[in-house]
Amino acid sequence: LDKAALIVGFGAEFMDRPGDGLERDFAARRSPDGPGTGLAADAEAGSRGEGGMSRFVQFEGRLTLTGANADRRIRVRDSQLLGVAAAIAHELIVVRKIGPLAADAAVGPALGSLAASPGVDAPVLQAIVAELAAAQGKALLLAGGSAAASAQGPALELVTLLLNITLGAFDGGLF
């Protein structure tokens, strides 16, 4: 988390787990007194991977400590988190042709069926997709919380993994 310029969570509750040390890594890039000339400059520098303050967007149903620390919290039912993640993946991989699976003909129909009704307005999703596309190699996506414990949890985690592969999180040393 300390290397990511943009973090997007799908119900992830990493702030509620102090034993994992993730809150410390998250806090390393969240100081408004960090390098740069101010919050806006730090966020812009962070999106370019130049240090500075990271940006955090959280999709979640009920308010969590993690969501309360987000720059932008988007309320969506836990049952719709898979659709949101799949809609973002569909836009990045199938529409914008980003990542190693962009040429795979089987990906489009699979993601399209999961993304049928994401539960978030299209302009909101498009804005997040644009941020993610601009932050390739410096974007990290996380899934978890109560949504991960549901029947859709494994699929949500797989789509999140697919998004991290698509955006180069593994190649960028974010894990």
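The values are calculated or read from the model by the stated rules, or taken from the named source; none is laboratory data. Source: prediction; values computed, not measured. Neighbour counts are summed over all protein chains in view; Cβ atoms, including those assigned to glycine, are modelled from backbone coordinates with ideal geometry. Accessible surface is based on the protein model in full, side chains and every heavy atom, while ligands, DNA and RNA are left aside. Shrake-Rupley method; radii C 1.70, N 1.55, O 1.52, S 1.80 Å.
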Fill in: Karplus-derived 3J(HN,Hα), 6.51/-1.76/1.60, for each residue of the stretch 119-125, Hz, glycine and proline x
x, 10, 4, 4, x, 5, 4
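What is the dipole size for the stretch 46-142, taken about its Cα centre, with +1 at each Lys and Arg Cβ and -1 at each Asp and Glu Cβ, in debye to the nearest 20?
That gives the stretch 46-142 a dipole magnitude of about 140 debye.
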Worksheet item: Which ³J(HN,Hα) values in Hz, rounded to whole numbers, follow from the phi angles of the stretch 57-63 under the Karplus curve 6.51 cos²θ - 1.76 cosθ + 1.60, where θ = phi - 60° and Gly and Pro get x?
Response: 10, 10, 9, 7, x, 8, 5
Discussion item. With +1 on the Cβ of every Lys and Arg and -1 on the Cβ of every Asp and Glu, and nothing else charged, how large is the dipole of the stretch 50-94 about its Cα centre, in debye rounded to the nearest 20?
Written reply: 220 debye
Worksheet item: Which shape class, rounded, prolate or oblate, goes with the stretch 41-175 when its Cα gyration tensor gives a ≥ b ≥ c as root eigenvalues, a/c under 1.5 marks rounded, and past that a/b bigger than b/c marks prolate?
Response: oblate
Fill in: Peptides ranked, highest mean first, by Cβ atoms within 10 Å: ranges 70-76, 157-163
157-163, 70-76
Worksheet entry | In sequence order, calculated HN-Hα J values of the stretch 141-146 (Karplus, 6.51, -1.76, 1.60; Hz; x Gly/Pro) | 10, 10, 10, x, x, 5
Worksheet, complete the sentence: Result for the stretch 77-139: accessible area per residue, probe 1.4 angstrom, in square angstrom, of 46 Å²
Worksheet item: For the stretch 79-175, what % of the accessible area comes from carbon and sulfur atoms, probe 1.4 Å?
Response: 62 percent
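Taking Rh as the Kirkwood radius computed over C-alpha pairs, what is the Stokes-Einstein D of the stretch 83-148 at 20 °C in a medium of viscosity 1.002 mPa s, expressed in µm² per second?
172 µm²/s
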Item to complete: Provide the solvent-accessible area of Met15, counting protein heavy atoms only and rolling a 1.4 Å probe, rounded to the nearest 10 Å².
Response: 40 Å²
